[in-house]
Amino acid sequence: MKNKCKGKIAVLVIAMMLFTSISQTGVIEAKPTTASKQQEVKKIEKQKQKQKQKQSTPMEVDNKTLEAAKKMMLALAGSDVAWGKEIDGGSEWIFSTEDERYDGKIRIDKKAKVVIAASISFSYDELDEDIRKNVLHALQKVDSERVISSGTVSRYYFNFSKRPVENIEISTRVQNSQMLIMLDNYHVERLLLVYTNSEVDEQLHETAQKAVEKITKRPISFTGAIRTVDDKADFWHFTTGREEKGWITVNIDTASREVTEIENLFEYYADKPQTPQTDKVFKKKVTEQDARRVASPITKDLFQIDLKTYKVKRSPNNARLFVFSKEQEATVSVQLNEKKQVVHISKDTSD
């Protein structure tokens, strides 16, 4: 059977080669008559003319679509912004800004005639004054010495339902080298403020270093810290800086000044990649009892939590993650590697 197939393929290849050779030499090609030549030329010219007309014909965008684009652009930029020619994207129209101060795109579903996605970027001094006031107020509430005079603003809108929406909800990001501030419409949702080591409180810095050394058993140094503040949390995030072999991070709660999380990605990346096969081996090598034995002295020293009376359970979604729980007490999560070393540990006091 295989030989027959090979034979058929060989015949087809040779036939194709012969056909090409004959066509190029013109030995067996039938010579077209003058009339048929003229008909062929006319046909080609007609096709070219149609293509030319198609390219030169302006795209027809209805008034409802144009109004939706204008409304969205006004919501994004806070003022009228000129845009270039609309692009026919098949099932949607795509509008792009033409104003050099703004870089934006709006996508409108042709059938529904509603905006399904939009984004725009511009400099901070072009941002709506009321939003700038909210940003500055939220910033100085966290750090009274901080100001923001420059940066890049990015605004986004998504409508996955493809249905008309009365209230347009826009996400905003204000960013420069010192901070990232996120807003939902006019409300500041989250602030991330960057600090150098010299700007961080000395005792806080020392707490982070000592916490890491309890796990790594060696001194480490941080590149700086980021303070994150939102409606649910306020903490400092220290990092050693990202390297090819990994990095270490520590989170410290601002109010209590207690360590809440440590991540040691040096040990994580040194471990074998997680696959169903490696997880199967891991489950045999590292048990829940091993997790308790390894984590107990660390949680006692780090969080002042004794795991003796805690229940421990391996996560159903991650073979290397173990969760320690006790009613009305903080939950502790510990991730180990194959060497039974801690690669991640955290304390969660939320309900």
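Does GLU338 fit the bill of being free of Cβ contacts under 8 Å to residues at least 40 places away in the same chain, surrounded by 12 or more Cβ atoms within 10 Å (Cβ to Cβ) and either outside any helix (DSSP H, G or I) or of a type in the set (Ser, Thr, Tyr) (or both)? Walk me through how you get there before you give the answer.
On the way: free of Cβ contacts under 8 Å to residues at least 40 places away in the same chain: no; surrounded by 12 or more Cβ atoms within 10 Å (Cβ to Cβ): yes; either outside any helix (DSSP H, G or I) or of a type in the set (Ser, Thr, Tyr) (or both): yes.
Criteria not met by GLU338.
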Subset of segment 138-183 that is free of Cβ contacts under 8 Å to residues at least 12 places away in the same chain and not in a loop (DSSP other than H, G, I, E, B) - its residue that is surrounded by the most Cβ atoms within 10 Å (Cβ to Cβ): MET182
I need every pair where a residue in segment 251-277 that is modelled with pLDDT of 95 or more has its Cβ under 7 Å from the Cβ of a residue that is in a loop (DSSP other than H, G, I, E, B) and open to solvent by 50 Å² or more (accessible area, probe 1.4 Å), sequence separation at least 6 or different chains. ILE252/GLU258
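Just to verify a result, which residue in segment 144-162, among those that are among the charged types (D, E, K, R) and in contact with a Leu (Cβ under 6 Å, 6 or more places away or on another chain), is modelled with the highest pLDDT? Steps first, answer last, please.
Initially, segment 144-162 is screened for residues among the charged types (D, E, K, R), giving 145-146, 155, 162.
Then drop every residue that is not in contact with a Leu (Cβ under 6 Å, 6 or more places away or on another chain), which leaves 146, 155.
On the way: ARG146: 93, ARG155: 96.
Selected residue: ARG155.
Please work out which residue is farthest from LEU193 (Cα to Cα), limiting yourself to segment 236-250 and to residues that are at pLDDT 85 or above and in a strand (DSSP E or B). Write out each step before concluding.
Filtering segment 236-250 for residues at pLDDT 85 or above gives 236-240, 247-250.
Among the residues that remain, those that are also in a strand (DSSP E or B) are: 236-239, 248-250.
Values: TRP236: 9, HIS237: 10, PHE238: 12, THR239: 14, ILE248: 19, THR249: 16, VAL250: 16 Å.
That would be ILE248.
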When every residue in segment 341-351 that is among the β-branched types (Val, Ile, Thr) and crowded, with 18+ Cβ neighbours inside 10 Å is compared, the one modelled with the highest pLDDT is ILE345
Kindly indicate whether GLY84 is of a type in the set (Gly, Ala, Ser), open to solvent by less than 50 Å² (accessible area, probe 1.4 Å) and at pLDDT 80 or above. no
Which condition number in (1) farther than 30 Å from SER121 by Cα; (2) touching a Phe, Trp or Tyr at 6+ places or on another chain (Cβ under 9 Å); (3) of a type outside the set (S, T, N, Q); (4) open to solvent by less than 50 Å² (accessible area, probe 1.4 Å) is the one that GLY224 fails? (1)
Going through segment 106-121 one residue at a time, which ones are open to solvent by less than 10 Å² (accessible area, probe 1.4 Å) and within 30 Å of SER149 (Cβ to Cβ)? ILE106, ALA118, ILE120
Name the pairs: first residue in segment 196-219 and in a helix (DSSP H, G or I), second residue loosely packed, with under 11 Cβ neighbours inside 10 Å, Cβ to Cβ under 7 Å, at least 6 apart or on different chains? GLU213/PRO219
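With respect to ARG242, is the statement that it is among the basic types (Lys, Arg) and open to solvent by 50 Å² or more (accessible area, probe 1.4 Å) true? Reasoning before the result, please.
Numbers: among the basic types (Lys, Arg): yes; open to solvent by 50 Å² or more (accessible area, probe 1.4 Å): yes.
Yes, satisfied.
How about segment 67-81: which of its residues are among the aliphatic types (A, V, I, L, M) and either modelled with pLDDT under 85 or open to solvent by less than 60 Å² (accessible area, probe 1.4 Å) (or both)? Working first, answer last.
If we filter segment 67-81 for residues that are among the aliphatic types (A, V, I, L, M), which is where we start, we get 68-69, 72-77, 81.
Scanning segment 67-81 gives ALA68, ALA69, MET72, MET73, ALA75, LEU76, ALA77, VAL81.
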Does ASP103 qualify as being closer than 30 Å to ASP88 by Cα, surrounded by fewer than 18 Cβ atoms within 10 Å (Cβ to Cβ) and in contact (Cβ under 8 Å) with a residue 12 or more places away in the chain? yes
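Quick one: in segment 278-333, of everything that is among the hydroxyl-bearing types (Ser, Thr, Tyr) and part of a helix (DSSP H, G or I), which residue is surrounded by the most Cβ atoms within 10 Å (Cβ to Cβ)? Please lay out each step first, then the result.
To start, the set of residues in segment 278-333 that are among the hydroxyl-bearing types (Ser, Thr, Tyr) comprises 278, 287, 296, 299, 309-310, 315, 325, 331, 333.
Pick out the ones that are also part of a helix (DSSP H, G or I) and you get 278, 296, 299, 309.
On the way: THR278: 15, SER296: 17, THR299: 22, THR309: 8.
Result: THR299.
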If I go through segment 122-137 residue by residue, how many of them are surrounded by fewer than 18 Cβ atoms within 10 Å (Cβ to Cβ) and within 23 Å of the chain's Cα centre (by Cα)? 2
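The values are calculated or read from the model by the stated rules, or taken from the named source; none is laboratory data. This one's a predicted model, so the numbers in the text were calculated from it and none came from an experiment. When we count neighbours, we look across all protein chains shown, and the Cβ atoms used for this are built from the backbone with ideal geometry, even at glycine. Each accessible area value is taken on the protein alone, full model and side chains, heavy atoms only, with ligands, DNA and RNA left out. Shrake-Rupley method; radii C 1.70, N 1.55, O 1.52, S 1.80 Å.
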